[in-house]
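Taking it in order: structure first as structure tokens, then the write-up.
The values are calculated or read from the model by the stated rules, or taken from the named source; none is laboratory data. Given the structure is predicted, the values throughout are model-derived calculations rather than measurements. Virtual Cβ from ideal backbone geometry, glycine too; neighbours counted across all protein chains shown.
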Amino acid sequence: MTRHEMIWSANLATRAERMRASEIRELLKLLDQPDIISFAGGIPEPSLFPFDVARRVTAGILADPNLGPQALQYSVSEGYLPLRQWIAAHMGRLGVACTPDNILITNGSQQGLDFLGKLLLSPGDTMLVEAPTYLGALQAFNAYEPRYDRLMPEGGNRTPASYASAALAAGGRVKAAYVVPDFANPTGETMSLAGRESLLDLAEDLGIAVIEDTAYEALRYEGESLPPLLALDVARCGDIDRTRTVYCGTFSKTVAPAYRVGWVCAAKEIVAKLVLAKQAADLHSSTINQMVMHGIAVAAYDAQVTAARALYRGRRDALLAALEREMPEGVSWTKPEGGLFVWATLPERFDGAALLARSIAEERVAFVPGSAFFATDAHLNTLRLNFSSPNEEKIAEGIKRLGRLIRRM
């Protein structure tokens, strides 16, 4: 070391120690290797992207003497008003009566999670999360140094007092509960209506917020749709501005991820605070991306969802059939009604990370080890399988290879 050398590790904030590389993002690098069959990232099928509509909408905006300059200019932090109006109407169809003032456009729903962590969590405060839960949410919250406690809305016997006392003993308070209620990442499971009502009861007793991540809500392939938590909350309170639920939505899984257009729908009080976080982070989301997304949503949103459901339903069925055919005794898996993921549990002696290393080296098959999705007490003998990216032929071959390896081990 020289006198002039900067020692970065000695100057980082304590929160930097909790920042870890996403195992999923690292695994996505394998997609560049053509011989890898990947069940790893939740990557949408590119053939579903609305290329023709996007070209037409983008060209129309840039050719318009009024819209063109607006598209390439700075904009308001809340987001492009016509898009917020469309989202407010969309939320109304989901049972959430609201106005554009209840909507904030974010740079993907991931940014919404980061902002909520920033606003709600002080170091040592408790966030309630399911086990397992979405890795990206844990990454977003980790920067704000929370403690995690396990949320069990389906059949759990924890009392509000037990959560509060555990948080107090750790030096903080319970501040929020985070859930993916529909076709959860990573398990593919859906929270029942009774579970949703139970979660709202718990949140009310604790006086905390509920963060509802709905990335996969539109991708239902069978069964009855359930109301969003925010819709149930509005029904209880009579007005969205009295609710405790924050709904995080996105166009990434239904239209295209690269536009990075998500949204938050919530009471105006918390939206106003989120706008301040948005101003400090990036001023506003890309104006032209918002305008293009609005045009696509008006012209083709329903068609996009219909096409995605049809294609992904077939791939889900192919994956479930392959698992049934190829997996040895002792392996179990979820059977999701929608979404993009199946969660598999292996015999206890297995380690998902070790299995992945051998799977890539010996069978050229990738997946995500389940341990990445636990805030605490990881179950090592689990793994997440995505079915949106590989086609039916690759699904069959990949699961055949994976089953062969598990038998060898």
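Below are the figures for this structure:
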read-out	value
Condition met for residue 122 (out of contact with any helix residue (DSSP H, G or I) (no Cβ under 7 Å at 6 or more places or on another chain), more than 28 Å from residue 238 (Cα to Cα) and among the hydroxyl-bearing types (Ser, Thr, Tyr))	yes
Members of the stretch 344-401 that are basic (Lys, Arg) and in contact with a Phe, Trp or Tyr (Cβ under 8 Å, 6 or more places away or on another chain)	384
Test: residue in the stretch 49-59 that is surrounded by fewer than 15 Cβ atoms within 10 Å (Cβ to Cβ), acidic (Asp, Glu), more than 23 Å from the chain's Cα centre (by Cα) and part of a loop (DSSP other than H, G, I, E, B)	no
Meets criteria (buried (at least 17 other Cβ atoms within 10 Å of the Cβ), over 19 Å from residue 41 (Cα atoms) and not assigned by TED's automatic domain parsing to the domain that holds residue 187) for residue 346	yes
Flag for residue 353 being surrounded by fewer than 18 Cβ atoms within 10 Å (Cβ to Cβ), hydrophobic (A, V, I, L, M, F, W, C) and touching a helix residue (DSSP H, G or I) at 6+ places or on another chain (Cβ under 8 Å)	yes
Condition check for residue 373: touching a residue at least 12 places away in the same chain (Cβ under 8 Å), buried (at least 22 other Cβ atoms within 10 Å of the Cβ), in the same structural domain as residue 45 (by TED's automatic domain parsing) and under 21 Å from residue 397 (Cβ atoms)	no
Subset of the stretch 144-191 (residues that are surrounded by 17 or more Cβ atoms within 10 Å (Cβ to Cβ), among the small types (Gly, Ala, Ser) and either assigned to a loop (DSSP other than H, G, I, E, B) or free of Cβ contacts under 8 Å to residues at least 40 places away in the same chain (or both))	172, 184, 188
Within the stretch 375-409, tally of residues that are among the hydrophobic types (A, V, I, L, M, F, W, C) and part of a helix (DSSP H, G or I)	6
Qualifying residue in the stretch 377-397 (condition: surrounded by fewer than 23 Cβ atoms within 10 Å (Cβ to Cβ), under 15 Å from residue 324 (Cβ atoms) and either aliphatic (A, V, I, L, M) or not assigned by TED's automatic domain parsing to the domain that holds residue 315 (or both))	yes
Candidate set: the stretch 15-50, residues that are farther than 18 Å from residue 355 by Cα and of a type in the set (A, V, I, L, M); chosen: the one modelled with the lowest pLDDT	31
Selection status of residue 267, in contact with an Asp or Glu (Cβ under 6 Å, 6 or more places away or on another chain), crowded, with 19+ Cβ neighbours inside 10 Å and assigned by TED's automatic domain parsing to the domain that holds residue 119	yes
Residues satisfying the stated conditions in the stretch 234-253, i.e. of a type outside the set (A, V, I, L, M, F, W, C) and within 13 Å of the chain's Cα centre (by Cα)	247, 249, 250, 252, 253
Matching residues in the stretch 325-368 - criterion: being closer than 23 Å to residue 33 by Cα and either free of Cβ contacts under 8 Å to residues at least 24 places away in the same chain or within 17 Å of the chain's Cα centre (by Cα) (or both)	340, 341, 354, 357, 361, 368
Complete set of residues in the stretch 282-298 that are buried (at least 16 other Cβ atoms within 10 Å of the Cβ) and part of a helix (DSSP H, G or I)	287, 288, 289, 290, 291, 292, 293, 294, 295, 296, 297
Single match in 210, 234, 246 (criterion: outside the structural domain of residue 40 (by TED's automatic domain parsing), touching a residue at least 40 places away in the same chain (Cβ under 8 Å) and part of a strand (DSSP E or B))	246
